[in-house]
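First comes the structure, then the notes that go with it.
The values are calculated or read from the model by the stated rules, or taken from the named source; none is laboratory data. This is a predicted model, so every value here is computed, not measured. Don't worry about glycine lacking a Cβ; one is built from the backbone with ideal geometry, like all the others, and counts go over all protein chains shown.
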There are 2 protein chains.
Amino acid sequence: MKQKTIGKDIMKLIYLDHNATTAIDDAVLDAMMPFFQKQFGNPSSSHALGTFARQAVNHARKQVADSVEVQPSQVIFTSCGSEANNLFIQGASGYQKASRIIVSAIEHPCVMQPAKELTRRKNEKWDLRQLTVDDSCQVNLDDVENAMSEKKPKLVSVMLANNETGVIQEVTKIAEKARTQGAWMHTDAVQAFGKIPVSFPSLKVHAMTLSSHKIYGPKGAAALIVDKQLALKPLIFGGGHENGLRSGTENVPAIVGFGKACELSKIWMERSTTHIIAMRTILEQRLIEMGAVIFGLNAHRLPNTCYFALQDIEGETLVTQLNKAGFAVASGAACSSVYPGQSQVLNAMGVDTTLARCAVRLSLGRNNTQKQLDSFLKSLGAIVKDLRRLSSVTI
Amino acid sequence: MKQKTIGKDIMKLIYLDHNATTAIDDAVLDAMMPFFQKQFGNPSSSHALGTFARQAVNHARKQVADSVEVQPSQVIFTSCGSEANNLFIQGASGYQKASRIIVSAIEHPCVMQPAKELTRRKNEKWDLRQLTVDDSCQVNLDDVENAMSEKKPKLVSVMLANNETGVIQEVTKIAEKARTQGAWMHTDAVQAFGKIPVSFPSLKVHAMTLSSHKIYGPKGAAALIVDKQLALKPLIFGGGHENGLRSGTENVPAIVGFGKACELSKIWMERSTTHIIAMRTILEQRLIEMGAVIFGLNAHRLPNTCYFALQDIEGETLVTQLNKAGFAVASGAACSSVYPGQSQVLNAMGVDTTLARCAVRLSLGRNNTQKQLDSFLKSLGAIVKDLRRLSSVTI
C-alpha cells in the first residue's frame, strides 16, 4: 500500500537526474520483451532456443561495437559499469608486475576504490598517483607529465566525462602520453557515451567502459571495450563465457536492450543535442541571475549537465524541497550516495567546503522540455526565497 | 529475417532443459515491468524515484531471505550465480591465510575454476583438494574425512544438487565436519533451490549461492547468502553497495523479479513436485525399457532431472536430432558448453568414456505435461531406431 502511494507521486515527478539513470526507451524495451518468456534460452544450450539467444547476444555485440567503432570481438559484456571498471583495473594488474597506477582525482569510486585496493595487496607494491584537476574540473596535463616522470606507470585511467560536472577530459592526449610510457590506458566513458560522440580508435585508449542504463537502456548490462592486445585476468571464473574473460550465463534481455540502446544513441544524440544545449543555456543564465555558481561553466562539458550552488542553501535541503515540489535532482553523484559527505570532485577542484555543501546537479534528458525547466526555475525561486527567509529569521 | 524464422520454430519446441534456464513466470514479469520505464530510479538517488527503487530492492531482499530462512541483511545481491560463487571463493580467501580449499570433483566450473585459480596465486600457497564421488554421484563422506585430516582446510564448497545428475549431496554433514576444522563452508544451491526445500540454517553452511533464472525469475540476479560472521573481500569495489560487498547500480527490475520468483517458488514446489516426480518415474521406466542407463538412478535426486545414456547413440547427435523433432534437451551442462568435451561429472563418477559420450539430460519444469513426454518418447524411439539402422549399415 505504502509503495503504491509513493508510486503515484513518482508519476508526477519531473526527472532532471539523467546522469544517475534513465528510463528505458520504448524501442529498447520492445527489443527486450521476447527474451523474457518466448526466446528465453541459455546461449550455451545447443538446441534452437540456445542458438537463438546466442545469435541475439552476437547481434547486440555488433551494435555495441559499431557504436564506438570497434570489432565485435573487442566487446566484453559485464553486468554493470562498476564491474567493467574493476575488470580493467584488477584484470590488467593481474598480468603486470606491480608498479604505478595513475588515475585522476575525480574518478568515480568504481575506478578509485579498485585502484586503492591494488595498493593494499600483500606482496605487491602498487603505488597510486592521483592526477590533480584545475578549478574547472579539467585534469592538469602538466601533472600527467609529472606523474609519469616521477615513476613509470603500468596502468592509467582517466574518465572521459565527469559524472558530477560533466567536464570532458583530454583523454586522447593523456592516452598518447601513457603509450609512450608503455602503460595501458583506460577511460571510463559511462557518462560521456550517448551524450557526445565516442570513438574508441580516436581516443587511443587500450580499454573503455560503457554502460547501458545511462543511455536509455536497461540496468544489468555494460561493456569493457578492449584493444585486442590487452591481456586481462578475469574477475569471474567459470564456464568461460565472453572469451574466457567473464563467466556466467549472459543476461540476454539486458544485453539485447543494451545493443538496441547503442544503436539508437547516435540517432538521439543528433536529434536532441541542440535542444538540450539550448535549454541548458537558458537554465544557467537564470541560475546565474539568481546568484548561483556553475561548476565547470567555461570548460568543455557534456551538453546535459549543470552543476551549481547557491551560497548558503544546502544541496541536500534543496534536493529534498525540490523533490516535494515534484522535481528529481541530485545533490551529488547518486552512485556514491552510500558514501555521504562532501563531493570528492568539488574537493579536487579546490571548491570552498561551504560552497561545496550547496552543490546540486541537474542532468537533462532527451524528453525534458523548456516548459519543465521554466516550472523548475519557478519552484527553485520560491524554495530559495523561503529558505533564505527562514534562515534570516533563525539568525 | 533469419532470426525471425528460427523464432517461429522455437515457439513449437517442447522445453525439457529447465536446469539450463527457465522462462520468466507471468507474475514475476508483471512485478518487474513497472521498474523499466515508470519507476526506473537509481536506488542511490535521494529523490522519490530513488527511494521507491530502494524500497523495491529491500522488499525483494526480504522475499529472498524468507525463502531460505535468513535475515535480509544476510543477502548479497550479485548479477549471476557464477559471480556469487566467485565472491565466496575469492572473497573468503581474501581474508584467510593461504591453506587448503576443498571442493567436490563435480562442482560447476564457476566453483572449480576460481578454486583452481587460488592455487595459481603468486606468493600464496593454496592447495586444492577435490572430493571423490561414488558411482551414483554422491560425495564420499569418508573422503571428506580424509581430505580434512590430510591438511586442515580453510574453505570448503560442495554443491547442494548436481546440475547434470540432480543428485543431492549431504551438505549438512559435510558442513558439520568443516565447522569442527574451523573452515568456512559454502554450498552452491543454484540447481537445488526451487526444486527442493532449501533452508540456510538447516544446512549449517556459512554461505550459499542462489540464482534467479533457474527458478522462473529473470537472468541478471542472484545472491550469496552469508553467515553474519563471514568476512568477505569484494570482487567489485566502488560506491559501496550491498553493504560494501558488491558495488554497482542495482539491477532493480531483475532483483524485483528474483524476489517475486523466490516467493512463488515455495508455492509452485508444493503444487508441482508430485506431478513432476510422477512424470519422471514413467519417463525413466520407458527409457530403461529402451535399454538406457540412468545416472544416479538410486541416489537422492532432484525431482525433475533425468540424466541418461543409450549405448552407442552419441549425446550430441541425439540432442541435434531431438531439436529437429521439436524437443529442447541438453547433452551436458549448458553453462559449460563453451568447454566441449566429456562431462567432468560422469568422469568423476567413473562412468566409462564411451557411455559418457552418450549422455543426455532432461530437466522437467512445472509446465511440462505427460502428453509432451509421451510425444518425446515416441520421437526418441524413432530417432534411436534410425540412428541404429544407419550405424549398422555403416558397419
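Of all residues in segment B:140-172, those satisfying the criterion of being among the hydroxyl-bearing types (Ser, Thr, Tyr) and touching a helix residue (DSSP H, G or I) at 6+ places or on another chain (Cβ under 9 Å) are B:SER157, B:THR165, B:THR172.
Checked against (1) modelled with pLDDT of 95 or more; (2) within 28 Å of B:GLN37 (Cα to Cα); (3) touching a strand residue (DSSP E or B) at 6+ places or on another chain (Cβ under 6 Å), A:GLY315 passes all but a single condition, namely (1).
Within segment B:219-234, the set of residues being under 23 Å from A:LYS219 (Cβ atoms) and either surrounded by fewer than 19 Cβ atoms within 10 Å (Cβ to Cβ) or hydrophobic (A, V, I, L, M, F, W, C) (or both) comprises B:ALA221, B:ALA222, B:ALA223, B:LEU224, B:ILE225. Every condition in (1) surrounded by 24 or more Cβ atoms within 10 Å (Cβ to Cβ); (2) of a type outside the set (Asp, Glu); (3) on the phi > 0 side of the Ramachandran plot is met by B:GLY182 except one, and the failing one is (1). Residue count for segment B:176-220, restricted to those that are of a type in the set (Gly, Ala, Ser), in a loop (DSSP other than H, G, I, E, B) and touching an Asp or Glu at 6+ places or on another chain (Cβ under 9 Å): 2. Is it true that B:THR165 is among the β-branched types (Val, Ile, Thr), touching a strand residue (DSSP E or B) at 6+ places or on another chain (Cβ under 8 Å), within 24 Å of B:CYS137 (Cβ to Cβ) and more than 10 Å from chain A (Cβ to nearest Cβ)? In short, yes.
Looking only at residues in segment A:248-284 that are within 11 Å of chain B (Cβ to nearest Cβ) and under 19 Å from the mean Cα position of the chain (by Cα), which one is surrounded by the most Cβ atoms within 10 Å (Cβ to Cβ)? So, considering only residues that are within 11 Å of chain B (Cβ to nearest Cβ) and under 19 Å from the mean Cα position of the chain (by Cα), the one surrounded by the most Cβ atoms within 10 Å (Cβ to Cβ) is A:ILE255. Hey, can you tell me all the residues within segment B:48-63 that are more than 7 Å from every other protein chain (Cβ to nearest Cβ) and either touching a Phe, Trp or Tyr at 6+ places or on another chain (Cβ under 7 Å) or of a type in the set (A, V, I, L, M, F, W, C) (or both)? Selection gives B:ALA53, B:ALA56, B:VAL57, B:ALA60.
Filtering segment A:298-325 down to residues that are closer than 25 Å to A:SER272 by Cβ and touching a Leu at 6+ places or on another chain (Cβ under 6 Å), which residue is surrounded by the fewest Cβ atoms within 10 Å (Cβ to Cβ)? This residue is A:PHE308.
Restricting attention to segment B:207-247, and to residues there that are without any contact (Cβ under 8 Å) to a residue 60 or more places away in the chain and not hydroxyl-bearing (Ser, Thr, Tyr), which single residue is farthest from the other protein chains (Cβ to nearest Cβ)? Among those residues, the one meeting the criterion is B:GLN229. Taken over segment A:143-175, the criterion of being aliphatic (A, V, I, L, M), in a strand (DSSP E or B) and crowded, with 24+ Cβ neighbours inside 10 Å is satisfied by A:LEU155, A:VAL156, A:ALA161, A:VAL167. Considered as a group, the residues in segment A:91-128 that are farther than 20 Å from A:ILE174 by Cα and of a type in the set (Gly, Ala, Ser) include one that is surrounded by the most Cβ atoms within 10 Å (Cβ to Cβ), and that residue is A:GLY91. Just for segment A:225-266: of the residues that are part of a loop (DSSP other than H, G, I, E, B), of a type in the set (S, T, N, Q) and at pLDDT 95 or above, which one is farthest from B:THR21 (Cα to Cα)? The residue in question is A:SER247.
Within segment B:265-274, one or more residues are hydrophobic (A, V, I, L, M, F, W, C) and within 30 Å of B:VAL319 (Cα to Cα). For the structure I just gave you, tell me whether B:GLY381 is closer than 24 Å to B:ALA278 by Cα, buried (at least 16 other Cβ atoms within 10 Å of the Cβ) and modelled with pLDDT of 95 or more. No.
Answer with yes or no whether B:SER67 is at the interface with chain A (Cβ under 7 Å from one of its Cβ atoms), in contact with a Cys (Cβ under 8 Å, 6 or more places away or on another chain) and touching a residue at least 24 places away in the same chain (Cβ under 8 Å). It is false that B:SER67 is at the interface with chain A (Cβ under 7 Å from one of its Cβ atoms), in contact with a Cys (Cβ under 8 Å, 6 or more places away or on another chain) and touching a residue at least 24 places away in the same chain (Cβ under 8 Å). Annotation: A:VAL198 fulfils all but one of (1) among the aliphatic types (A, V, I, L, M); (2) under 18 Å from the mean Cα position of the chain (by Cα); (3) within 24 Å of B:SER247 (Cα to Cα); the unmet one is (3). Among the residues of segment A:27-47, those that are at the interface with chain B (Cβ under 7 Å from one of its Cβ atoms) and out of contact with any Gly (no Cβ under 8 Å at 6 or more places or on another chain) comprise A:PHE36, A:GLN37, A:PHE40, A:SER45, A:SER46. Scanning segment A:297-309 for residues that are under 26 Å from B:HIS241 (Cα atoms), within 14 Å of chain B (Cβ to nearest Cβ) and of a type outside the set (Val, Ile, Thr) turns up nothing. Restricting B:ILE24, B:ILE10 to those that are modelled with pLDDT under 95, within 7 Å of chain A (Cβ to nearest Cβ) and either buried (at least 18 other Cβ atoms within 10 Å of the Cβ) or closer than 20 Å to A:ALA23 by Cα (or both) reduces the list to B:ILE10.
Taken across segment B:90-97, residues that are more than 10 Å from every other protein chain (Cβ to nearest Cβ), touching a residue at least 40 places away in the same chain (Cβ under 8 Å) and of a type in the set (A, V, I, L, M) do occur, with at least one present.
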